[in-house]
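Peer 1: Before we start, here is the structure in question, set down as structure tokens.
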Amino acid sequence: MNPGTTITVPVTAYDLSATLASGQVFDWEQHGSTWSGVVQGRWVELQVVGDAVVARTAAPQREWTWLTHFLQTGVDLSRIIASFPAGDRHLQEAVRTCRGLRLLRQDPWECLASFILSATKQIVQIRQIVRRLSERYGEPVAAGGDGARRFSFPSAEQIALLTEVELRSCKMGFRAPYLLGAARRVAAGNLDLAALGRLPLPEARAALLQLEGVGRKIADCVLLFAYDFPEAFPVDVWVRRVLRQYYFPNRHVDEAGLQRFIHRHFGPHAGYCQQYLFHHIRVVNGKVAGRTTTHAPNRKPR
DNA sequence: GACCAGGAAACGA
DNA sequence: TCGTTTCATGGT
């Protein structure tokens, strides 16, 4: 058996399960306390041991910045949480529930494509679509251990060569033409994803919004999960629901008012606040393993 | 079997 | 400008 190589990355307060199961990424597998997935074409298995993340790859590695960048292990989480609005008891409750939850830094294309596929889909279904797409049209990746075959997420160039029918065979439905259109624009060089990171937030967002099938929510997911835009704040149905419930009980707020509140209230790391709120709701509703084990039905919180 | 999902676009008033 | 409908699919 090829032992590959391992590295131990010192980091405090890193909850791999919360992070990898919080709806940022969709193709990670848990077996016991370890998680495995593909980062930049490399299979990797992760485990938290004490105050460190231990990583094992199938192939020897010359350097590991591809992984530390993805995991954002250099980020001082306590400093970020200290920037959260102190008097916000809802957010503080979420911080207690989800301690160690982190934001990852994903590949922009994989992130954009994944969230184009996420529209009105449950996270379990997004996982299935992403998995099918990778298995059929991605590149096989040497994986360690369990003998399971893994595949990289297909590049924009790979997807741009496919047909809408082929994409629909991955069960993505009406999202197929959106994904195909985005892939073709990126592959043709009409949208430079690497350059977006050098723009101010509003301009980067505007560039993403030009894509068919990409609205404010999906654009903000990409800006937050794939770039250094910590104030991006994706508002999905669940987050909108709790924002109204927590901060505007029995009071009408339109979308613009909600956005103004978000910008004013949550501060420089609003995106982190959002991820804590989002994951907290999912834990409370039994969507994902957390400190409490509930089996709440699939209905909205009161 | 109804309801809904990490939405967005097209449509109608 | 704002509410409503449509889109495809499957988990619960």
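The values are calculated or read from the model by the stated rules, or taken from the named source; none is laboratory data. Quick caveat, the model's predicted, so the values are computed rather than measured. Here the Cβ positions follow ideal geometry from the backbone for every residue, glycine too, while neighbour counts run over all protein chains shown.
Peer 1: Taking the condition of being surrounded by fewer than 18 Cβ atoms within 10 Å (Cβ to Cβ) and either under 25 Å from A:Arg42 (Cβ atoms) or among the aromatic types (Phe, Trp, Tyr) (or both), how many residues in region A:74-103 meet it?
Peer 2: 3
Peer 1: Which of (1) under 23 Å from A:Arg282 (Cβ atoms); (2) at pLDDT below 95; (3) within 14 Å of DNA strand C (Cβ to nearest atom) is the odd one out, the single condition A:Leu258 does not satisfy?
Peer 2: Answer for A:Leu258: the failing condition is (2).
Peer 1: Let me ask something else. For region A:177-195, indicate whether the set of residues that are more than 16 Å from DNA strand B (Cβ to nearest atom), under 27 Å from A:Leu133 (Cα atoms) and charged (D, E, K, R) is non-empty.
Peer 2: yes
Results for (1) crowded, with 21+ Cβ neighbours inside 10 Å; (2) more than 23 Å from A:Thr19 (Cβ to Cβ); (3) modelled with pLDDT of 95 or more, shown as yes or no for each residue.
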position: A:Ala182; (1), (2), (3): yes, yes, yes
position: A:Arg185; (1), (2), (3): no, yes, yes
position: A:Glu203; (1), (2), (3): no, yes, yes
position: A:Gln210; (1), (2), (3): no, yes, yes
position: A:Gly213; (1), (2), (3): no, yes, yes
position: A:Val222; (1), (2), (3): yes, no, yes
position: A:Asp228; (1), (2), (3): no, no, yes
position: A:Glu231; (1), (2), (3): no, no, yes
position: A:Pro234; (1), (2), (3): yes, no, yes
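Peer 1: Among A:Ala148, A:Ala176, A:Ala156, which is over 18 Å from A:Val222 (Cβ atoms), of a type in the set (A, V, I, L, M, F, W, C) and away from DNA strand C (no atom under 12 Å from the Cβ)? Give the derivation first.
Peer 2: Working: A:Ala176 fails: away from DNA strand C (no atom under 12 Å from the Cβ); A:Ala156 fails: over 18 Å from A:Val222 (Cβ atoms).
Going through A:Ala148, A:Ala176, A:Ala156 in turn, just one is over 18 Å from A:Val222 (Cβ atoms), of a type in the set (A, V, I, L, M, F, W, C) and away from DNA strand C (no atom under 12 Å from the Cβ): A:Ala148.
Peer 1: Considering only residues that are within 12 Å of DNA strand B (Cβ to nearest atom), part of a loop (DSSP other than H, G, I, E, B) and within 20 Å of A:Ala183 (Cα to Cα), which ones fall in region A:116-154?
Peer 2: Matches in region A:116-154: A:Leu117, A:Ser118, A:Ala119.
Peer 1: Quick check on region A:190-204. Is at least one of its residues away from DNA strand C (no atom under 16 Å from the Cβ), within 20 Å of the chain's Cα centre (by Cα), farther than 21 Å from A:Gly41 by Cα and not hydrophobic (A, V, I, L, M, F, W, C)?
Peer 2: yes
Peer 1: Which is at pLDDT below 95 and either within 16 Å of DNA strand B (Cβ to nearest atom) or not basic (Lys, Arg) (or both), of A:Ala59, A:Ala55, A:Ala94, A:Ala13? Break it down stepwise before answering.
Peer 2: On the way: A:Ala55 fails: at pLDDT below 95; A:Ala94 fails: at pLDDT below 95; A:Ala13 fails: at pLDDT below 95.
Just one listed residue meets the conditions, A:Ala59.
Peer 1: Looking at this structure, is A:Arg168 over 15 Å from the mean Cα position of the chain (by Cα) and within 16 Å of DNA strand C (Cβ to nearest atom)? Steps first, please.
Peer 2: Numbers: over 15 Å from the mean Cα position of the chain (by Cα): yes; within 16 Å of DNA strand C (Cβ to nearest atom): yes.
Criteria met by A:Arg168.
Peer 1: Based on this model, can you work out whether A:Glu255 counts as touching a Phe, Trp or Tyr at 6+ places or on another chain (Cβ under 6 Å), within 13 Å of DNA strand B (Cβ to nearest atom) and among the acidic types (Asp, Glu)? Spell out the reasoning first.
Peer 2: Working: touching a Phe, Trp or Tyr at 6+ places or on another chain (Cβ under 6 Å): no; within 13 Å of DNA strand B (Cβ to nearest atom): yes; among the acidic types (Asp, Glu): yes.
Judged against the criteria, A:Glu255 is not a match.
Peer 1: Quick check on my filter: what residues within region A:110-136 are within 10 Å of DNA strand C (Cβ to nearest atom), under 20 Å from A:Arg282 (Cα atoms) and of a type outside the set (Ser, Thr, Tyr)? First the steps, then the outcome.
Peer 2: Quick first cut of region A:110-136, residues within 10 Å of DNA strand C (Cβ to nearest atom) only: A:119-125, A:127-129, A:132.
Filter again for under 20 Å from A:Arg282 (Cα atoms), leaving A:119-125, A:127-128.
If the condition is that a residue be within 10 Å of DNA strand C (Cβ to nearest atom), under 20 Å from A:Arg282 (Cα atoms) and of a type outside the set (Ser, Thr, Tyr), then A:Ala119, A:Lys121, A:Gln122, A:Ile123, A:Val124, A:Gln125, A:Arg127, A:Gln128 are the ones that fit.
Peer 1: Do we have A:Val141 as among the aliphatic types (A, V, I, L, M) and within 16 Å of DNA strand C (Cβ to nearest atom) here?
Peer 2: Working: among the aliphatic types (A, V, I, L, M): yes; within 16 Å of DNA strand C (Cβ to nearest atom): no.
So A:Val141 does not fit the description; no.
Peer 1: A follow-up question, please. Residue by residue through region A:212-248, note down the ones that are assigned by TED's automatic domain parsing to the domain that holds A:Val283, under 14 Å from the mean Cα position of the chain (by Cα) and near DNA strand B (Cβ under 6 Å from one of its atoms).
Peer 2: Correct list: A:Pro234, A:Asp236.
Peer 1: Under 8 Å by Cβ, and 6 or more places apart or on different chains, what pairs join a residue from region A:161-188 that is in the same structural domain as A:Arg136 (by TED's automatic domain parsing) and basic (Lys, Arg) with one that is assigned to a loop (DSSP other than H, G, I, E, B) and within 10 Å of DNA strand C (Cβ to nearest atom)?
Peer 2: Every condition considered, the pairs that remain are A:Arg175/A:Ala119; A:Arg175/A:Gly213.
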